[in-house]
Amino acid sequence: MEEKLVVSSSPHIRSGATTRKIMLDVILALVPAAIVSVIVFGPRALMIMAVTILSCVLSEYICRRVMKRENTIGDLSAVVTGLLLAFNLPVSIHPLMAAFGGMIAIVVVKQMFGGIGQNFVNPALTARIILMNSFPTPMTTWTQPRSYLGDAVTTASPLGLLKQGASADQLPSLMNMFVGNTAGCLGETCALALILGGIYLVVRKVISPVIPLCYIGTAAVLSLCMGRNVWIDLLSGGLMLGAIFMATDYATSPITLKGQVIFAIGCGVITMLIRNFGSLPEGVSYSIVVMNILVPLIDSATRPVAFGKEPVKDEAQR
Amino acid sequence: MELTFPTKPFKTHGGAAVPHRKNTAQVESVMLPPPEQVVLPMQQHVGPPCTPTVKVGDTVLIGQKIADSTAFVSAPIHATISGTVSAIKKVTLSGGQFMDAVVIDSDGKMEVSPDVKPPVINSLPEFLEAVHASGLVGLGGAGFPAHVKLKVPDDKNVDTLIINVAECEPYITSDNRCAIEDTDEIFTGVRAVQHWLGLHRVILGVEGNKPDVIAKFNKYLSESQEASDQEIKVLELRSSYPQGAEKVLIQSCTGRRVPIGKLPADAGCVVMNVTSCAHLGTFLKTGMPLVDKRLTIDGSAIKSPKNVVVPIGTNIRTIIDFCGGYKATPKKILMGGPMMGVSIVSDNLPVIKQNNAIVCLDEKEAHKLEPSACIRCGRCVTGCPMNLMPTLLEKNAIAKRVDELKSLDVMDCMECGTCSFNCPAGRPLVQAIRLGKAMVRAEGKK
């Protein structure tokens, strides 16, 4: 035998899953919501998405070059961040603001902490919060759905209306909220598209349904207890987007099942506290970011018990 | 306490959906024509190596003892072909270690030694001595001497014998073929262990991907006249890797969990591989010690994959040539399966007792993913059958934090490879954990 053999540590085969394939699945899962946003908010929505994605990918590329690290744009995680950031912006935002947001997400939040898997808060959400504090008015100027066909009309988001004390009949119908025909950020309006994407991710085993279900479930229960309109709370604002796509971010959510339950319940509680008692109409971004910060603590508190270390039980029940 | 037979397996944690690739499961095993030479390394078991009891120039016959050790944890080695001892020399083994080996040149006659006659057994010590004399070691791959395993300490209350027919590694079908072809020998061995150890519950754990084995065993048991066979039952296990890992198997079959750092006896179980039982049965019937082995020869680089029964000590290259040789340049040759097998430096190595497969991977199949950053997806944690946190173990092994490794129970890892298999970032988790375990062991020796 002339050719040399490769000698390495077992195992010698792999499942075939790669970071890139996982990110591609997330992008695919976001496509329905992206399509709806273009239908609801017009071609400008597409432009905003392009700007944030470009800004994120470019920031990642330059950042890795400057830091003299291997180029990682091929793993597509910057594309996911860019798309999610666009989903968290109003359609009327100035493209430069959107680009700035992308840069913040990648450079400050992700790469400065070591790149993929190392950031301790969700990059897209943190960028949204920074934009919100830097440009409060453009970040909360909502456009009437489908008004791009004529003159763009600004309006309040359903949660904004609710905060101002509007009654249920002044709000868009539940059906409109479900299919996305309402004012709000690009990707958050259509619960249907987001749920479809979520189901796809669960089927593809990219995410477990634990975080979305616990998050949404907690929010629903609290909404009921607070005497709010549960359906409006679930279908409006960023809850679906946050619960399905942002709170499930691998790097910033707990690694164990038990930890994920605690994390998701925490997200639900903070979201509803902000919505009900805070001066802001919406609390999804803050709730997730706050819980992100707690993840290392949750992780160390929910470390799995090694096989055979638990107290001995005989003939355990099935 | 009343012992019950489970009708379905108990729940276990983690695991991975590895590909089955049991290409050779339905193909009858073939005998290798007698090889011209065998090389028998002095260590084919866990424990101190044997010393040769023959010298260069001696004539030996099949089944004649050629090496032994006075150590308790050891197993004698027997001539696997008839012929002349042509050399006793150092050879390199699969793990890279140098070891004395007895080389026997065949006389082509395959003559059986007159020493080979059924043992007379009247008591448990005699039974254990017979098991020792048969040279039997754990044939599932561990190579732990069988008589040591079967000598249950007096303070342990063992009530269950589990026969491992899980065979969860991809490609390997040698246990499967053994179960179909040597059914009678298997039950001879099983009944002997059941009788002498006084066990009243025997569970044959078979993965559901081998319905032919389950049917064959059930038919054999239903037709059996032996009253004690009422205490032997087949349990269909989930086809999930690593179902055949001892601790996982015990939990699947009995619901019991072996305490950390303890042995199956601490969970009241003795676990034996099915091929070990078949060899034990053969020895009890005929007196022929462990001299041959059924090997699965498969993988993307092998021309005609099959199960081959070969004398122990046969050169791997000879066996591969018998299987039509390579159809593609092999990039990796594995002793064992792709999940836990050892990759070897050359095909010029002898087969040893605990080998059950030679898997040859071509360039494409041997391709390794370049490691990238951990994305904290948690697939290693959810997959770990030992409920460990492989990603944390890896980080701490790289950082050489021995105390942290200990507190994360690194020694509980059995290196099944599920974490590395699952990892989308291609991280060499098992490799790092092995280094971590070595660090903990080294610290213990200080």
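Derivation of every value follows stated rules applied to the coordinates shown; laboratory data play no part. As the structure is a prediction and not an experimental result, all values here were calculated from the model. Ideal geometry is used to build each Cβ from the backbone, glycine not excepted, and the neighbour counts take in all protein chains shown.
Restricting to DSSP H runs of at least four residues, report the calculated mean residue ellipticity at 222 nm for chain B, -39500 (n - 2.57) per run over all residues, nearest 500 deg cm²/dmol.
-8000 deg cm²/dmol
Using the count of nearby Cβ atoms within 10 Å as a rough guide to exposure, how do A:Thr126, B:Thr275, A:Thr140 rank from fewest to most?
The fewest-first ordering by Cβ neighbours comes to A:Thr140, A:Thr126, B:Thr275.
Let me spell out the model: positive unit charges on the Cβ of Lys and Arg, negative unit charges on the Cβ of Asp and Glu, origin at the Cα centre of the range B:377-434. What dipole size does that give, in debye rounded to 20?
Dipole magnitude for the range B:377-434 comes out near 200 debye.
Report the Cα centroid-to-centroid distance between the range B:240-259 and the range B:196-235 in angstrom, as an integer.
Each part reduced to its Cα centre gives a spacing of 18 Å.
Using label points projected 7 Å from each Cα along Cα→Cβ, tell me how many nm separate B:Met110 and B:Thr329, to one decimal.
3.6
Using r as the Cβ-Cβ distance of A:Leu257 and A:Lys68, and R0 as 60 Å, what FRET efficiency do you calculate, to the nearest 0.05?
The pair A:Leu257/A:Lys68 has a calculated efficiency of 0.95.
Spin-label point model (7 Å from Cα, Cβ direction): what's the A:Cys225 to B:Arg317 distance in nm?
In this crude spin-label approximation the distance works out to 7.4 nm.
Can you sort B:Thr183, A:Thr271 by how many other beta carbons sit within 10 Å, fewest first?
Starting with the residue having the fewest Cβ neighbours, the order is B:Thr183, A:Thr271.
Quick one: plug the Kirkwood hydrodynamic radius of the range B:46-161 (C-alpha pairs) into Stokes-Einstein at 4 °C, 1.567 mPa s, and report D in µm²/s.
82
Along each of its three principal axes, how wide is the spread of alpha-carbon positions in chain B, in whole angstrom units, largest first?
63, 55, 48
With +1 assigned to the C-beta of every Lys and Arg and -1 to the C-beta of every Asp and Glu, and no other charges, what is the dipole magnitude of the range B:124-286 about the Cα centre in debye, to the nearest 20?
Here the size comes out at about 420 debye.
Counting other Cβ atoms within 10 Å of each Cβ, which trypsin sites (Lys or Arg not before Pro) in the range A:107-180 have at most 15 and sit in a DSSP loop?
Hits after loop and neighbour filter: A:Arg146.
Using Cα pairs closer than 8 Å and at least 6 residues apart in sequence, work out the relative contact order for the range B:124-286, in percent.
RCO, the range B:124-286: 36 percent.
If a/c stays under 1.5 just call it rounded; otherwise compare a/b with b/c (prolate if a/b is bigger, oblate if not). Do that for the range A:19-301, with a ≥ b ≥ c from the square roots of the Cα gyration tensor eigenvalues.
oblate
Which angle between 0 and 90 degrees, to the nearest 10, do you get for helix A:77-87 versus the longest principal axis of chain A when only C-alpha atoms count?
So the helix axis and the longest Cα principal axis differ by about 20 degrees.
What do the square roots of 5 times the Cα gyration tensor eigenvalues come to for the range A:158-279, in whole Å, largest first, as semi-axes of the equivalent ellipsoid?
They are 25, 17, 11 Å, listed largest first.
Give, as a single signed number, the net charge of other residues whose beta carbon lies under 13 Å from the beta carbon of B:Ser343, with Lys and Arg counted +1 and Asp and Glu -1.
Residues close to B:Ser343 contribute a combined charge of +2.
When Rg is the radius of gyration of the Cα atoms in the protein assembly as shown and Rh is its Kirkwood radius, what does Rg/Rh come to?
Computed over Cα atoms, the ratio is 1.08.
Extending each Cα 7 Å along its Cβ direction at A:Leu149 and B:Ser86, get the distance between those two points in nm, one decimal.
9.1
Taking the Cα of B:Phe5, stepping 7 Å toward and past its beta carbon, and measuring to each backbone N in the range B:163-184: which are under 16 Å?
Answer for this model: B:163-165.
Which one, B:Ala301, B:Leu405, B:Thr275, projects farthest toward the positive side of the charge dipole computed for chain B from Cβ point charges (K/R +1, D/E -1)?
B:Leu405
Report, in cubic angstrom per residue, the convex hull volume of the C-alpha atoms of the range B:367-446.
Roughly 86 Å³ of hull volume per residue.
Taking only complete DSSP H runs, can you tell me which helices of chain B stretch 20 Å or more along their own long axis by Cα positions and average at least -1.0 on the Kyte-Doolittle scale?
The qualifying helices are B:183-197, B:429-445.
Just want the ordering: A:Phe113, A:Phe100, B:Phe187, from fewest to most Cβ atoms lying within 10 Å of their own Cβ.
Ordered by Cβ neighbours within 10 Å, fewest first: A:Phe113, A:Phe100, B:Phe187.
If each DSSP helix of 4+ residues adds -39,500 (n - 2.57) and the sum is divided by the residues in chain A, what number results at 222 nm, nearest 500 deg cm²/dmol?
-17000 deg cm²/dmol
Going from the alpha-carbon gyration tensor of the range B:124-286, what semi-axes, largest first and in whole Å, does one get by taking the root of 5 times each eigenvalue?
21, 19, 16
To test your reading of the geometry: what angle, between 0 and 90 degrees and rounded to tens, separates the Cα axis of helix A:123-134 from the longest principal axis of chain A?
Once rounded, one gets 30 degrees.
Expected output is a single nm value to one decimal: the length gained when fully extending between A:Leu96 and A:Asn276, i.e. 0.36 nm times separation in residues minus the C-alpha distance. What is it?
Length gained, A:Leu96 through A:Asn276: 61.5 nm.
Can you give the translational diffusion coefficient of the range B:33-113 in µm²/s, computed by Stokes-Einstein from the Kirkwood radius over Cα pairs at 37 °C and 0.692 mPa s?
Translational diffusion coefficient: 258 µm²/s.
I'd like the orientation of helix A:19-41 relative to chain A: the angle between its Cα long axis and the longest Cα principal axis, in ° from 0 to 90, rounded to 10.
10
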